[in-house]
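Data block below; observations after.
The values are calculated or read from the model by the stated rules, or taken from the named source; none is laboratory data. Here the structure is a predicted model, which is why all the values come from computation and not from measurement. Note: ideal-geometry Cβ built from the backbone for every residue, glycine included; neighbour counts use all protein chains shown. Note: accessible area is taken over every heavy atom of the protein model, side chains too, but ligands, DNA and RNA are not part of it. Shrake-Rupley method; radii C 1.70, N 1.55, O 1.52, S 1.80 Å.
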Amino acid sequence: MRKFVLMLFAAVVPLCHAESVPLLLRQPTISKTEIVFTYGGDLWSVARDGGEARRLTSALGTNIGAKFSPDGSMIAFTGRYAGNADVYVMPASGGQPKRLTYHPAADEVIGWTPDSKSVVFRSTRHSYYRFSNKLFTVPVTGGPAGEIPLPIAEEGSLSPDASHLAYVPHGQWQPAWKHYRGGQTTPIWIADLKDSSVQKIPRENSNDFSPMWVGNTIYFLSDRNGSASLFAYDLGTKQVREVVKNDGFDFKSASAGPGAIVIEQFGALKLYDLNSGQVKNINVTVSGDLPELRSQFVKVEPGRLRNLSLSPAGVRVVAEAWGEIFTIPSDKGDIRNLTHSPAVADRDPAWSPDGKWICYFSDEPGEYELQIREQNGMGAVKHISLGNPPSYFYTPVWSPDNKKVAYTDKRLNVWIADVATGKLTKADTDRYDTPNRNLLPAWSPDSKWLTYTKQLTEPSARGGRVLARPGQSISDLRWPERRGVRQLRQERKVPLLHRQHRRRTGAKLA
């Protein structure tokens, strides 16, 4: 196949700053007068009451994790100006960033010492286990870093006298699992830095993070009551209370400053007033020259190709890359972009057995639907709605007679779509999920049967493959004696037709 790395296409992304659209403002920090946040990989500053933001950095790499110094004069952040993640500082009003760390390990800012003289950061530079960070301090004037005497630590906040540290001892390799209650849940401990002894903030296996030491109270985020919200631990009474009730999207990060805590929620900012206990939204407008949003040519590297499907004649391949659907010649011919929809996610293409059609999933209408178009990209597109509630869909498989498409969804269902009428039929539902999405539908040669893998309920059964007629729901039938359904073989994860069916139809396996 000809090398695909030479093919370029125009990527056009509309720029929209409507107030109803989240701007993805991340990791905010707050001073007496300003809020600084990350947007588009750079730092921006806005007045504490909101308004038009101004850009502070313009690096080719990403700048994240900004933290105001306690006196409000400086901003520390994690920058990648030289490729590696290192600690930088700059004046709060803006200016030339100054690099403070040069170690080849990733050095990531998490805060300041109370006297504003040193930046606190995490790093694996002295770690025995490369995934476990330790905490360090580096003078704002420059110089060698000093290690905080704790064996592991992920984030933390020093007490006003710098004698104690409220910290999260370990991180999570997949921190986005909502309501996760496994072995990686994160507690918050309070360490006495004189002897490294710790006491623990009360919890029952919740995810606690973003500790903020304010006076005699430690504020933090936690999902102990549902969605991650703001809590407070009183050092005198040793009691935890929820200070902001949150029934919406998780609070993702928070940072304390003079008289307030700024909170990130779903790409937007909120301000919690420490004196009144009131919460208000901060309206921010971002405008500027953003290179990422310009129309541009993008090289499609081989590693970007996903979900390849060979044409029946074997002369072209259809593939997904950058949310577009392409067909690629094996020898002669041009690479074709069939969709030309850079603002839309088109994915999972499949070539019809007769070679005339290509189907794929597209979120063009807002939620994913099945689209079918001619393989040359000409003609009208057929739209098949995939019903409610919306979902993510996977692996469309054409029937050999080109009349049906089988596919699966994230709710563990096997579906069959009729190409002519758009009618949807649920064939079955798996009993529990696995990381491999084992349903794997496959058609018989006569298009009358569909095979797929389903998890079994018997203690001795570890999986099996079933055979069902298209259009027949089998979720209400008893296993293994089902009408029109046969268990084929346990522990098979590839298409397999029942021997009796092969003898009856003359079907042959590929």
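Details
- Looking across region 59-98 at every residue that is of a type in the set (A, V, I, L, M, F, W, C) and under 25 Å from the mean Cα position of the chain (by Cα), the one that is most open to solvent (accessible area, probe 1.4 Å) is identified as Leu60.
- Among the candidates Thr186, Thr217, residue that is modelled with pLDDT of 95 or more, of a type in the set (Val, Ile, Thr) and over 29 Å from the mean Cα position of the chain (by Cα): Thr217
- The sole residue among Ala162, Ala191, Ala176, Ala153 that is more than 19 Å from Val262 (Cα to Cα) and touching a Gly at 6+ places or on another chain (Cβ under 9 Å) is Ala191.
- Index of the failed condition, Gln296 passing every other in (1) closer than 30 Å to Leu43 by Cβ; (2) touching a Leu at 6+ places or on another chain (Cβ under 7 Å): (2)
- Scope region 1-59; condition more than 27 Å from Trp322 (Cβ to Cβ) and at pLDDT below 50; matching residues: Glu19
- Inside region 394-410, residues that are at pLDDT 95 or above and either closer than 18 Å to Ile325 by Cβ or hydrophobic (A, V, I, L, M, F, W, C) (or both) make up a count of 6.
- Filtering Lys382, Lys356, Lys403, Lys332 for residues that are basic (Lys, Arg), closer than 20 Å to Ala427 by Cβ and out of contact with any helix residue (DSSP H, G or I) (no Cβ under 9 Å at 6 or more places or on another chain) leaves a single hit, Lys403.
- Here is the figure for region 402-426: residues that are open to solvent by less than 60 Å² (accessible area, probe 1.4 Å) and not hydrophobic (A, V, I, L, M, F, W, C) total 9.
- Among the residues of region 49-58, the ones that are out of contact with any Gly (no Cβ under 6 Å at 6 or more places or on another chain) and crowded, with 19+ Cβ neighbours inside 10 Å come to 2 in all.
- So Asn246, is it open to solvent by less than 20 Å² (accessible area, probe 1.4 Å), assigned to a loop (DSSP other than H, G, I, E, B) and of a type in the set (S, T, N, Q): yes
- Thr38, sole failed condition from (1) hydroxyl-bearing (Ser, Thr, Tyr); (2) under 21 Å from the mean Cα position of the chain (by Cα); (3) assigned to a loop (DSSP other than H, G, I, E, B): (3)
- Residues (at positive phi and assigned to a loop (DSSP other than H, G, I, E, B)) located in region 378-428: Gly379, Gly387, Asn402, Leu412, Gly422
- Candidates His170, His179, His164, His126 - the one that is more than 22 Å from Ile75 (Cβ to Cβ) and in contact with a Leu (Cβ under 7 Å, 6 or more places away or on another chain): His164
- For Val46: the one exception among (1) in contact (Cβ under 8 Å) with a residue 12 or more places away in the chain; (2) over 23 Å from Pro149 (Cα atoms); (3) surrounded by fewer than 15 Cβ atoms within 10 Å (Cβ to Cβ): (3)
- Residue pairs whose Cβ atoms lie under 7 Å apart, separated by 6 or more positions or on different chains, with the first residue in region 304-325 and free of Cβ contacts under 8 Å to residues at least 60 places away in the same chain and closer than 19 Å to Leu370 by Cβ and the second among the polar types (S, T, N, Q) and part of a loop (DSSP other than H, G, I, E, B), are Ile325/Thr339.
- Taking the criterion of being over 18 Å from Asn84 (Cβ atoms) and either modelled with pLDDT under 95 or over 33 Å from the mean Cα position of the chain (by Cα) (or both), the residues of region 119-150 that qualify are Tyr128, Tyr129, Ser132, Pro139, Val140, Thr141, Gly143, Gly146, Pro149.
- In the set Gly314, Gly259, only one residue is touching a Leu at 6+ places or on another chain (Cβ under 6 Å) and at pLDDT 90 or above; that residue is Gly259.
- Check on Thr62, polar (S, T, N, Q), without any contact (Cβ under 8 Å) to a residue 40 or more places away in the chain and more than 22 Å from Ala106 (Cα to Cα): no
- Considering (1) open to solvent by 40 Å² or more (accessible area, probe 1.4 Å); (2) among the basic types (Lys, Arg); (3) farther than 21 Å from Val240 by Cβ, the lone condition that Lys134 does not fulfil carries the number (1).
- Matching residues in region 211-241 - criterion: being of a type in the set (A, V, I, L, M) and assigned to a strand (DSSP E or B): Met212, Val214, Ile218, Leu221, Leu230, Ala232, Val240
- Residues (assigned to a loop (DSSP other than H, G, I, E, B) and closer than 17 Å to Ala228 by Cβ) located in region 252-276: Phe266, Gly267
- Considering (1) over 26 Å from the mean Cα position of the chain (by Cα); (2) modelled with pLDDT under 90, the lone condition that Trp351 does not fulfil carries the number (2).
- Scanning region 222-256 for residues that are touching a Leu at 6+ places or on another chain (Cβ under 6 Å) and under 21 Å from His164 (Cα atoms) gives a single hit, Ala254.
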